[in-house]
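Asks: Structure below; questions to follow.
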């Protein structure tokens, strides 16, 4: 006969308290209270008529945000990583050739995911801070003849905004699908899914959209659907199988906060205004950094991601001391590098509602203060 | 040059409104406002000290709920389905033999997931409403020598609570891991992970726990970890790879609502009281149904799932008319069958805060009203 052997934990007797912080790292960003409060709506069922209406509204919002008319537009119940797997699991079969443009961690991640499901993966690699020309893309497409090309639009590990124009058309010349990760860029920099002939586009909710993590918008072109729905094998994941998602989407009855998000982007601001504002605020920020004597990691202006700025780690300082000092003294998160950029950069994300001149001034003041108070080696 | 071609959708100009309903289907259940309101806490980062504390608290809550001391206890960012895939993707390698006890949809689903990743899957099948004896389990284990046996504790499609005692010990005699789905049962019926020698146990958040969907608690025994961390191949999913989850868990910075949930189970109620209450309320409900002349689908009392009751579809009626009538007239969701039980049953879920005599009375009154007003054939 079994009996209770693990007692109720004492730690759960105290109420949950979470401090407010300025979330100016590469994500998550701050979530405005009106979006958080949308989550207080009651949960309803996955077959109730209102949920279909909500799903349709979310779909319209994503179509606007992605600038697409794709019918196959939905949100995955998971983080941006799950949308990345959703794209790769559905579009790629074992043995398929996949080409990944690697200029930071997200390309590495996509290559790893494709390898795990048995694809033949080839990469083109640019150094941290770099990106690829159309000629480099064409050379690789022509050599490897992939079924899918992956490009990260916003490479948040290095702060690069990868130009997208012309790549979709090039892919289609080589009968290849064009997959774009816009987790760190959507809403903060222009993306035109249909006009740029992007076949699969996904993002996350916790960056420019200022929503809690856990919902990942994704869209598939007709061309992508044709490949996916004529697969010879089933995708490895049932959870992310597009044929089920297409059918069942919204079946978890979650009263998504995305309508509020889309409201935010659409109504309060508008997509073009949002892009413009992120650009202007980033330029203002970059000028401020340079006037302090700091250097930007991405040299070429047009390649700078307006949502996540990478600053060359200040010479003579320990970057960890700087980020810790700013967190402790200013209640403000900025971060160090990620994978290829560790030790090389500081990263500051100003996304969605966080993208404002006031916040730039706050970050600049915090950085000045940190450079004054943190230990500097004499070297 | 690209330009905006998809205008902001008008549908997103109106605020999100979601009606309140009595959610007495097999899930999701109602979420009490104190749990919904916990989600209004600010989002913080995945490396902030408070998030580690919150993660530890969640872990303690899950350990209590599962009655386990397993260190490898966490929550997946996804629905119950993603936890199911997390279990199978990590524990099974291509070519491994897997045994699935199928007595409803969840066994079918587990078999499909294991097949998709290249396992050799064998099943034992019981008719809807049935379950398996220890002898049947042993015969199959001895014949197929699987690395993993799947059993659904609460088979919500048929309303069966599968006895668990003795199966874990049996599995270990055959060097097999014991995987249990407790999505529809945890908190509503006794489970003792350690004492019952369950190697992998998972659940969802939107049933007895009365939390929003999208977070799935899961725990792995030492024995399970040994197999998982000595794999020859990588799991197909990066997102659900246990070596990353173990390392990174909580990395999405989501201020989980699970602490509140666990608070609910631990403090307001206590696990044993919760089990007892679900059982008593179910018995009260079943007696009421029988006194109305309705029949229970699961004949043997001890096999009846206390969280989801299956009622034999009333003779002469169209079950869809009954569920629609009750939704329309009483603002109350009950549902029909699922996969093997479609057309055979009505399903009523009374889970967590919904498990009360008042709610039973409400459902009984609604059913009486429906049987009076819905069309009955003369046959």
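The values are calculated or read from the model by the stated rules, or taken from the named source; none is laboratory data. For clarity, every value in this text was computed on a predicted model and none was experimentally measured. Heads up, the Cβs are rebuilt from the backbone with ideal geometry, glycines too, and the neighbour counts pull from every protein chain shown.
Asks: Just the residues that are under 15 Å from residue B:204 (Cβ atoms) and more than 7 Å from chain A (Cβ to nearest Cβ), please, taken from segment B:71-80. Quick ask: steps written out before the conclusion?
Replies: First, the residues of segment B:71-80 that are under 15 Å from residue B:204 (Cβ atoms): B:74-80.
Within segment B:71-80, B:74, B:75, B:76, B:80 meet the criteria.
Residues checked against (1) within 14 Å of chain B (Cβ to nearest Cβ); (2) assigned to a loop (DSSP other than H, G, I, E, B); (3) modelled with pLDDT of 95 or more:
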residue	(1), (2), (3)
A:86	yes, no, yes
A:95	yes, yes, yes
A:111	yes, no, yes
A:114	yes, no, yes
A:124	no, no, yes
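Asks: Here is a further query. Name every residue in segment B:268-294 that is loosely packed, with under 15 Cβ neighbours inside 10 Å, more than 30 Å from residue A:8 (Cα to Cα) and without any contact (Cβ under 8 Å) to a residue 40 or more places away in the chain, in order of residue number.
Replies: The answer is B:287, B:290, B:291, B:293.
Asks: In addition: Tell me, please, whether a residue that is touching a residue at least 12 places away in the same chain (Cβ under 8 Å), assigned to a helix (DSSP H, G or I) and over 30 Å from residue A:197 (Cα atoms) can be found in segment A:55-66.
Replies: no
Asks: Taking the conditions exactly as written (crowded, with 21+ Cβ neighbours inside 10 Å, under 24 Å from residue B:274 (Cα atoms), facing chain A (nearest Cβ under 8 Å) and in contact with a strand residue (DSSP E or B) (Cβ under 8 Å, 6 or more places away or on another chain)), does residue B:68 satisfy them or not?
Replies: Working: crowded, with 21+ Cβ neighbours inside 10 Å: yes; under 24 Å from residue B:274 (Cα atoms): yes; facing chain A (nearest Cβ under 8 Å): yes; in contact with a strand residue (DSSP E or B) (Cβ under 8 Å, 6 or more places away or on another chain): yes.
Yes; evaluated as a whole, the condition is true for this residue.
Asks: Filtering segment A:30-42 down to residues that are in contact with a strand residue (DSSP E or B) (Cβ under 9 Å, 6 or more places away or on another chain) and within 26 Å of residue B:45 (Cα to Cα), which residue is nearest to the other protein chains (Cβ to nearest Cβ)? Spell out the reasoning first.
Replies: First, pick out the residues of segment A:30-42 that are in contact with a strand residue (DSSP E or B) (Cβ under 9 Å, 6 or more places away or on another chain): A:30-31, A:42.
Within this subset, residues satisfying the condition of being within 26 Å of residue B:45 (Cα to Cα) are A:30-31.
On the way: A:30: 7, A:31: 5 Å.
The extreme case among them is A:31.
Asks: In segment A:97-109, which residue that is more than 10 Å from chain B (Cβ to nearest Cβ) and assigned to a helix (DSSP H, G or I) is surrounded by the most Cβ atoms within 10 Å (Cβ to Cβ)? Please lay out each step first, then the result.
Replies: Residues of segment A:97-109 more than 10 Å from chain B (Cβ to nearest Cβ): A:97-108.
Then keep just the ones that are assigned to a helix (DSSP H, G or I); that gives A:105-108.
On the way: A:105: 19, A:106: 27, A:107: 24, A:108: 18.
Only one residue tops the list, namely A:106.
Asks: Hey, any hits in segment B:276-288 for a residue that's more than 30 Å from residue A:3 (Cα to Cα) and not assigned by TED's automatic domain parsing to the domain that holds residue B:56?
Replies: Looking through segment B:276-288, at least one residue is more than 30 Å from residue A:3 (Cα to Cα) and not assigned by TED's automatic domain parsing to the domain that holds residue B:56.
Asks: Here is a list: B:61, B:118. Which entry is in the same structural domain as residue B:151 (by TED's automatic domain parsing) and surrounded by fewer than 22 Cβ atoms within 10 Å (Cβ to Cβ)? Please lay out each step first, then the result.
Replies: Values: B:61 fails: surrounded by fewer than 22 Cβ atoms within 10 Å (Cβ to Cβ).
After ruling out the rest, the residue left standing is B:118.
Asks: Further question on the same structure: Of the conditions (1) at pLDDT below 95; (2) in contact with a helix residue (DSSP H, G or I) (Cβ under 6 Å, 6 or more places away or on another chain), residue B:299 clears all except one; give me its number.
Replies: (2)
Asks: Can you spot a residue in segment A:132-149 that is in a loop (DSSP other than H, G, I, E, B), within 30 Å of residue A:36 (Cα to Cα) and in the same structural domain as residue A:71 (by TED's automatic domain parsing)?
Replies: Going through segment A:132-149, the residues in a loop (DSSP other than H, G, I, E, B) turn out to be A:132-133, A:145-147.
Okay, now just the ones that are also within 30 Å of residue A:36 (Cα to Cα), so none.
Taking every residue of segment A:132-149 in turn, none turns out to be in a loop (DSSP other than H, G, I, E, B), within 30 Å of residue A:36 (Cα to Cα) and in the same structural domain as residue A:71 (by TED's automatic domain parsing).
Asks: Could you tell me whether any residue of segment B:47-54 is in the same structural domain as residue B:212 (by TED's automatic domain parsing), closer than 30 Å to residue A:25 by Cβ, modelled with pLDDT under 85 and part of a loop (DSSP other than H, G, I, E, B)?
Replies: Yes - at least one qualifying residue is present in segment B:47-54.
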